[in-house]
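Notes follow once the structure below has been shown.
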Protein chains: 2
Amino acid sequence: MSTESEPSPPATSLEVRSTVTDDGVVTMAVGETEVPEPAPHEVTIRIEAAPINPSDLGTMFAGADLSTAIALDGPAGVQATLPPAAVAANAGRLDKAMPCGNEGAGVVVAAGSSTDAQAMIGRTVGFVSGNSYAQFRTMPIAQCLPMPDGITPEQAAAPFVNPLTALGMVETMRDEGHTALVHTVGASNLGLMLNRLCQADGVGLVNIVRKPEHVELLRGLGADHVVDSSTESFLDDLAAALDATGATIAFDAIGGGELASTLLATMEKVASAGGGDFSRYGSATHKQVYIYGGLDRSPTMLRRNFGMAWGLGGWLLRPFLARIGDERAEQLRQRVADEITTTFASSYGHRLSLADAVDPDQVKRYGQMATGDKALITPQAS
Amino acid sequence: MSTESEPSPPATSLEVRSTVTDDGVVTMAVGETEVPEPAPHEVTIRIEAAPINPSDLGTMFAGADLSTAIALDGPAGVQATLPPAAVAANAGRLDKAMPCGNEGAGVVVAAGSSTDAQAMIGRTVGFVSGNSYAQFRTMPIAQCLPMPDGITPEQAAAPFVNPLTALGMVETMRDEGHTALVHTVGASNLGLMLNRLCQADGVGLVNIVRKPEHVELLRGLGADHVVDSSTESFLDDLAAALDATGATIAFDAIGGGELASTLLATMEKVASAGGGDFSRYGSATHKQVYIYGGLDRSPTMLRRNFGMAWGLGGWLLRPFLARIGDERAEQLRQRVADEITTTFASSYGHRLSLADAVDPDQVKRYGQMATGDKALITPQAS
């Protein structure tokens, strides 16, 4: 822990906010906000780094068509047009200037009167807050994860969303009685992290990717089972990988189309290949797919050619953490801090100031969420 | 318990069997089978009555197009043609003569040497066996449910499938933390039973029906919430009924199309109508739909406009009974026997001999599963 005194934080900070209006426009702009004095169990953080995760884009752009992004006429900001359905889906946030950014990291520069808060002064902490795209924030210490000595804010910038999601998938797999899992966006930042986690824990993982080069990427990182959904042999390759691993649960970020149905049907095919008595209700093996993202916004189409022992559902990190309780959640968080430069390391393709983050050209780039090009906002940069 | 001696059962019995062949034909015919002597914990039952439930049709006709039903040229029997997909789905039973009929009732006419078996001689029992369309069957006493004195075999003929399914739905609702439920085929035999059960137990039930006369039928039976999916006001009526009952779980026998999606979306609309903080992940209320039938065989289409707290899955009686364990299952069975002429009563629109059951005209009639026209096979009739 640092014992040097930090300069007092300023009374105001620049931040990014996003507003949807009923004319079907989302506006994301840089503005000023107050930095409150920390209450006894709070700290104020000088934010050095905050990633743009896929899960941040929803709050930032509300489903807008990013090809329509144009610069604001005046302050630093960007506007984009929403399809009508997206306006309806965002009825609950119309005219509200929403802060953005689920997580980030920085240095504690002020603390409330409690001993726990005072002990954090000068430390590098990761945090989860929903408003990390700002220069300074005051928040409860319960939202902070102090990092081991020597960890930089950039290394600590993504300590919650991807690490706890990867851990949550493996924990959910175990809790529900499965022994291996499928992930449908194997080459994503989360996918690469899950690949490392499963290797560390000896858990079977079937990585689905959509490009041949991503097969190479994952194999180069030691993945045993990588199947490419763009190939003609996809169904056979998938069946072979499911058979080899015994995976009967999948986590799917695609959502739309027939992928979930294909996963359930292929799991069923593998489960019933062993023979046994015929049942027109299918095998007794429970097959589960959790949808945790919606890269394909079209409807999910289920052919129901996979017996009756199946489930499909939404999966979100926060309800998972609530379900497992504080003690287990704290164990997971501590593991993330301990392995933040190894299992749970993130890497970034480009860095953006707050002004860059609302630049239309940058928006079009990071909005693609291209593999290997993850964006990191560095709010202290000008 | 009767103490009169019963005549010994014959060594052979007539029975119905169904066979699928790889030329895409299903043949259901009456033939002879042996009636084994009962082992120590077995009894032989003279079967007096066995219902044709929707769940029996799958084994009987394997998904055949019943409009193609024609009489066999020779012994009593019927043939029908399967679409190619149905042949593939039945690969596990090709050329096997499958017995039919999940449940039935009759009188115990012979018993094994154990005290428990001997005590059942002369008693009227319901049973679950998978081969009830026969004149006599020998089976373990564990498959039998002895009826209170004065209950006729016809009254006892359907003691498992519908009663335990109705109870299973309400128990599943409770086990998963819901307080009211939706049933998508309210006017079915099962639906009417569930309506009585929910009234008896004070459980909120939303009945969905597809015809105006079924609204009248259920209202006449005291149902508080009946919504007709054929009307223009369906969505509003459904939302009002969900709001009034607080139902957040549904049991759906339709399966295909958009009904499950509509149920989840309407539950979400009701759950989020209370206001509260906007979340682009939707409400925190978990919404669940279980598909337990497939009246519409088309794909299930999910629009995913219902947040992230949702689940969809298959639901079957046997895994449910296995999950709750022997003790709770026995309590449910005992309740069925106690209330077989009230809560769990079934009624029938027509009665069929074994020969009638394989008559093409009768097949076309009972294959429609029309409301109020349930068929009862009476194997002792000639």
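The values are calculated or read from the model by the stated rules, or taken from the named source; none is laboratory data. As the structure is a computational prediction, the values presented were derived from the model and not from experiment. Please note: Cβ atoms are built from the backbone with ideal geometry, for glycine as well, and neighbour counts cover all protein chains shown.
Remarks
- Among all positions in segment A:206-214, there is at least one residue which is among the acidic types (D, E), surrounded by fewer than 23 Cβ atoms within 10 Å (Cβ to Cβ) and either in contact with a strand residue (DSSP E or B) (Cβ under 7 Å, 6 or more places away or on another chain) or at negative phi (or both).
- Residue in segment B:258-277 that is modelled with pLDDT under 95 and within 19 Å of B:R210 (Cβ to Cβ) present: no
- Screening A:A337, A:A355, A:A345 for residues that are more than 13 Å from chain B (Cβ to nearest Cβ), over 30 Å from B:F306 (Cα atoms), hydrophobic (A, V, I, L, M, F, W, C) and more than 18 Å from the chain's Cα centre (by Cα) leaves exactly one candidate, A:A355.
- Among the candidates A:L167, A:L238, residue that is assigned to a helix (DSSP H, G or I) and either in contact with a strand residue (DSSP E or B) (Cβ under 8 Å, 6 or more places away or on another chain) or at pLDDT below 95 (or both): A:L238
- A:S132 vs. criteria in contact (Cβ under 8 Å) with a residue 60 or more places away in the chain and loosely packed, with under 15 Cβ neighbours inside 10 Å: no
- Residue among A:T68, A:T44 that alone is hydroxyl-bearing (S, T, Y) and touching a residue at least 40 places away in the same chain (Cβ under 8 Å): A:T44
- B:R219 falls short on exactly one of the conditions (1) at the interface with another protein chain (Cβ under 8 Å from one of its Cβ atoms); (2) more than 23 Å from B:L164 (Cβ to Cβ), and that condition is (1).
- Selection within segment A:53-86 - in a loop (DSSP other than H, G, I, E, B) and either of a type in the set (A, V, I, L, M, F, W, C) or within 14 Å of another protein chain (Cβ to nearest Cβ) (or both): A:N53, A:A62, A:G63, A:A64, A:L72, A:A76, A:L82, A:P83
- Members of segment A:16-42 found to be among the small types (G, A, S) and surrounded by fewer than 18 Cβ atoms within 10 Å (Cβ to Cβ), listed by number: A:G24, A:G31, A:A39
- Conditions (1) of a type outside the set (F, W, Y); (2) surrounded by fewer than 21 Cβ atoms within 10 Å (Cβ to Cβ); (3) away from chain A (no Cβ under 14 Å): number failed by B:A50: (2)
- Residue check for B:V215: of a type in the set (A, V, I, L, M) and under 24 Å from B:W315 (Cα atoms): no
- Residue tally, condition closer than 26 Å to B:S382 by Cβ, hydroxyl-bearing (S, T, Y) and under 25 Å from the mean Cα position of the chain (by Cα), over segment B:12-71: 5
- For B:T248, the conditions (1) surrounded by 19 or more Cβ atoms within 10 Å (Cβ to Cβ); (2) among the hydroxyl-bearing types (S, T, Y); (3) more than 28 Å from the chain's Cα centre (by Cα) are fulfilled apart from (3).
- Condition check for A:A119: of a type in the set (A, V, I, L, M, F, W, C), away from chain B (no Cβ under 14 Å), crowded, with 22+ Cβ neighbours inside 10 Å and over 19 Å from the mean Cα position of the chain (by Cα): no
- Index of the failed condition, A:L376 passing every other in (1) assigned to a strand (DSSP E or B); (2) more than 30 Å from A:E213 (Cα to Cα): (2)
- Taken over segment A:87-109, the criterion of being farther than 18 Å from B:F306 by Cβ, within 12 Å of chain B (Cβ to nearest Cβ) and of a type in the set (D, E, K, R) is satisfied by A:D95, A:K96.
- Annotation: of all residues in segment B:280-323 being out of contact with any strand residue (DSSP E or B) (no Cβ under 7 Å at 6 or more places or on another chain) and within 23 Å of B:A187 (Cα to Cα), the one that is nearest to the other protein chains (Cβ to nearest Cβ) is B:L316.
- A single entry from A:A381, A:A337 fulfils the requirement of being in contact with a Ser or Thr (Cβ under 9 Å, 6 or more places away or on another chain) and under 18 Å from A:A105 (Cβ atoms): A:A381.
- Residues being acidic (D, E) and under 28 Å from A:A381 (Cβ atoms) are represented in segment A:351-359 by at least one member.
- Residue identified as closer than 20 Å to A:S382 by Cα and among the aliphatic types (A, V, I, L, M) among A:V78, A:V108: A:V78
- Set side by side, the residues B:N207, B:N195 differ, and just one is assigned to a strand (DSSP E or B) and among the polar types (S, T, N, Q), which is B:N207.
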